[in-house]
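Presented below is the structure to which this report refers.
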Amino acid sequence: MRRVALSPRPDWTEQVERLGFAFHTIDGETYWDESAAFAFTLEEIERDIEGPTEALEQLCFAFIEKALDSEETLTRLAIPAEHWDYVRESWQRGDRNLYGRLDLAYDGHGPAKLLEYNADTPTALFESSVVQWDWLEQAMARGAIPKGSDQFNSLHERLIAAFGALREPSPYRLHLTCVQDSPEDKGTVDYLADCAVQAGLDARFTYIEELGLLTDGRFCDGANQPIETLFKLYPWEWMFRESYGSALAGSRCQFIEPPWKAVLSNKGLLACLWEMEPGHPNLLPAFFEGDPRCATLSARHVRKPLYSREGANVTLLERGRVLDSDDGPYGAEGHVLQDAATNLFSSEGNYAVLGSWLVASQACGLCLREDASPITKNTSRFLPHYIEP
Amino acid sequence: MKRSSQIGLAAVGVILVATVWSMTSDDKEENLVYNSLSDCRAAGQLTAQQCETAFAEATAARLKDAPKFQSQSACETQYGASGCSSASIGGAQYFIPALAGFMLARGLSGAQAQAQPLMPPTAATCPPGSTLPECQQARSSSSGSSGGSGYYGGSSRSRAYSTTSGRSITAAFSSGSRGGSASTTSTSSRGGFGSIARSFSSHSSS
């Protein structure tokens, strides 16, 4: 794994906008950053990222089996008791999942370590799948990287295939939804709608604020069309607690991601996995705050709210002293403490985190986010990667 | 190979609000279609400045290129009741089809062509009494003025338009349709999701 400085394409903004990538610059700061790229060997990708990602997914599935039978675990994960049966039924029914992203610490040496699992509402998908792919093609064509380079990125093909297989019979009608006023979320959902259309589905978008409830208990879109299958880029923990939460169980709607993802999209997972498999090479020691075993953690550790996104409310501590933190509104449901990773890739004052993508639970893509601080935030820059020939 | 063998071109249209295709062929083109300047601003794909430029281009092109009629009834025969407005062009008074929207081509070349004005569908596309939903939509909500915002906001997810060159096009809107029920089940409530996102004004994704 190397960080290779490159000169950006002179017309890079035009090139990424040509693809429909609208949020390459966020609040005046560069988000899509092609002034460098990460180079991997095929062995690093397959042995250290692809293999462990699928192994961690299997470990998560084993955890779900246990968690759904344990009121104590569901309570610690702050899943409201009135939704336990709803979550259990979605797992027992075998509701299929579309995608997720494991965030990993990895510097090319030793095993990758799981920082967290964005199992429910991951973004950075379009830039991983399409913009990065197009960058690779052009970088090889202009000789910036060796001809014959490759990329760990079959996201686009896998998403289209997965959409076709999420529900029987296919093609089916799929609604997609996200919040208003978030160009990044809307861009992600528009891309997924595009994949769904290519899978032959009847894909329709509606904002989540527009969703309605029909008298027969089904949800409907802004035009009152009943919703049978809904991709929602909106977290389960919020849906459970909002006024339509009580309507979920009677809605006869197949949700993507399925309700059982609520068990994984929760930083309590990190403590639960460590308890299940202490010493697992791809896990960092982690405990719920207040657990006496927190005393066994390294002096340098991280405090994370159970529900937190984009690095919000995450604190890096060294012997009780705060080294880095990000403000935010999360934390009411509790925290986990996790050893700080010692294999975070750093170079010239920048820290990089790997996002390892799963589609239908198969590892199939990689993205890298870089930041001047060790906590990856929503302002972190996205850098492309390639596999050296 | 660890990467996709190709990225389907449909992905190029991912942030576009509308897919436009010719009524006479299956060739799809990716375009941006807005029914009004405020829709363009609200959609957020273009900057306010780009919207204003596009709207100004379309307005000017309509006056220059739209079919001109000596009487309102002659215009309305083509473009439907209240589908026309009067315009003073070169000192003379004409009736021309209303501005129903404007379209920006966003081809693969990346070149952004000048915005085109869109007008109500012609009688040839949407004859009186047509049962096509987009025709009924367009006819029933023609505003007759330069605003044309009445084309937006019905239950139909597609709208028919015509161009100054006489081409008929249909835009499929991927979002924003409200109201108008096509369902036999009535809606008992709306807006039961989204409150936490509002209260956090934070990220619902990661």
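The values are calculated or read from the model by the stated rules, or taken from the named source; none is laboratory data. For clarity, every value in this text was computed on a predicted model and none was experimentally measured. Cβ sites come from the backbone with ideal geometry, for glycine too, and all protein chains shown count toward neighbours.
Answer yes or no as to whether A:Gly268 is more than 7 Å from chain B (Cβ to nearest Cβ), out of contact with any Asp or Glu (no Cβ under 6 Å at 6 or more places or on another chain) and surrounded by fewer than 20 Cβ atoms within 10 Å (Cβ to Cβ). It is false that A:Gly268 is more than 7 Å from chain B (Cβ to nearest Cβ), out of contact with any Asp or Glu (no Cβ under 6 Å at 6 or more places or on another chain) and surrounded by fewer than 20 Cβ atoms within 10 Å (Cβ to Cβ). Criterion first (among the aliphatic types (A, V, I, L, M), more than 10 Å from chain B (Cβ to nearest Cβ) and surrounded by fewer than 22 Cβ atoms within 10 Å (Cβ to Cβ)) does A:Ala162 satisfy it? Here the answer is no, as A:Ala162 does not meet what is asked. Taking the criterion of being touching a residue at least 60 places away in the same chain (Cβ under 8 Å) and not polar (S, T, N, Q), the residues of the range A:366-383 that qualify are A:Leu366, A:Cys367, A:Leu368, A:Arg369, A:Glu370, A:Ile375, A:Lys377, A:Arg381, A:Phe382, A:Leu383.
Any residue at all in the range A:12-21 that is surrounded by fewer than 17 Cβ atoms within 10 Å (Cβ to Cβ) and outside any helix (DSSP H, G or I)? No, because not a single residue in the range A:12-21 is surrounded by fewer than 17 Cβ atoms within 10 Å (Cβ to Cβ) and outside any helix (DSSP H, G or I). Out of all the residues in the range A:150-157, is one or more farther than 18 Å from A:Arg101 by Cα, buried (at least 23 other Cβ atoms within 10 Å of the Cβ), at the interface with chain B (Cβ under 8 Å from one of its Cβ atoms) and acidic (Asp, Glu)? No, because not a single residue in the range A:150-157 is farther than 18 Å from A:Arg101 by Cα, buried (at least 23 other Cβ atoms within 10 Å of the Cβ), at the interface with chain B (Cβ under 8 Å from one of its Cβ atoms) and acidic (Asp, Glu).
Do you know which residues across the range A:165-178 are surrounded by fewer than 17 Cβ atoms within 10 Å (Cβ to Cβ) and more than 13 Å from chain B (Cβ to nearest Cβ)? Residues satisfying the conditions are A:Ala165, A:Glu168, A:Pro169, A:Ser170, A:Pro171. With the condition kept exactly as written, say whether any residue in the range A:81-100 is within 14 Å of chain B (Cβ to nearest Cβ), under 23 Å from A:Met276 (Cα atoms), in contact with a Phe, Trp or Tyr (Cβ under 9 Å, 6 or more places away or on another chain) and among the hydrophobic types (A, V, I, L, M, F, W, C). Taking every residue of the range A:81-100 in turn, none turns out to be within 14 Å of chain B (Cβ to nearest Cβ), under 23 Å from A:Met276 (Cα atoms), in contact with a Phe, Trp or Tyr (Cβ under 9 Å, 6 or more places away or on another chain) and among the hydrophobic types (A, V, I, L, M, F, W, C). Considered as a group, the residues in the range A:184-242 that are without any contact (Cβ under 8 Å) to a residue 40 or more places away in the chain, within 30 Å of B:Leu46 (Cα to Cα) and among the β-branched types (Val, Ile, Thr) include one that is surrounded by the fewest Cβ atoms within 10 Å (Cβ to Cβ), and that residue is A:Val197.
Looking at the range A:9-20, can you tell me whether even one residue there is of a type outside the set (Asp, Glu) and away from chain B (no Cβ under 14 Å)? No, there is no match, as no residue in the range A:9-20 is of a type outside the set (Asp, Glu) and away from chain B (no Cβ under 14 Å).
When residues in the range B:164-206 are screened for being at pLDDT 75 or above, more than 7 Å from chain A (Cβ to nearest Cβ), surrounded by fewer than 17 Cβ atoms within 10 Å (Cβ to Cβ) and in a loop (DSSP other than H, G, I, E, B), 1 of them pass.
Checking the range A:334-342 against the condition returns no match, with no residue being at pLDDT 95 or above, buried (at least 21 other Cβ atoms within 10 Å of the Cβ), over 21 Å from A:Leu273 (Cα atoms) and in contact with a Phe, Trp or Tyr (Cβ under 9 Å, 6 or more places away or on another chain). Taken as a whole, the range B:6-15 holds no residue that is at the interface with chain A (Cβ under 10 Å from one of its Cβ atoms), in a loop (DSSP other than H, G, I, E, B), at positive phi and modelled with pLDDT of 50 or more. Of all residues in the range A:79-114, how many are touching a helix residue (DSSP H, G or I) at 6+ places or on another chain (Cβ under 9 Å), closer than 27 Å to A:Arg158 by Cβ and small (Gly, Ala, Ser)? Adding up the residues that qualify gives 4. Among strands (runs of 3 or more DSSP E) entirely within the range A:275-356, having at least 1 residues that are within 19 Å of the chain's Cα centre (by Cα) and not aromatic (Phe, Trp, Tyr) singles out A:300-305, A:335-339.
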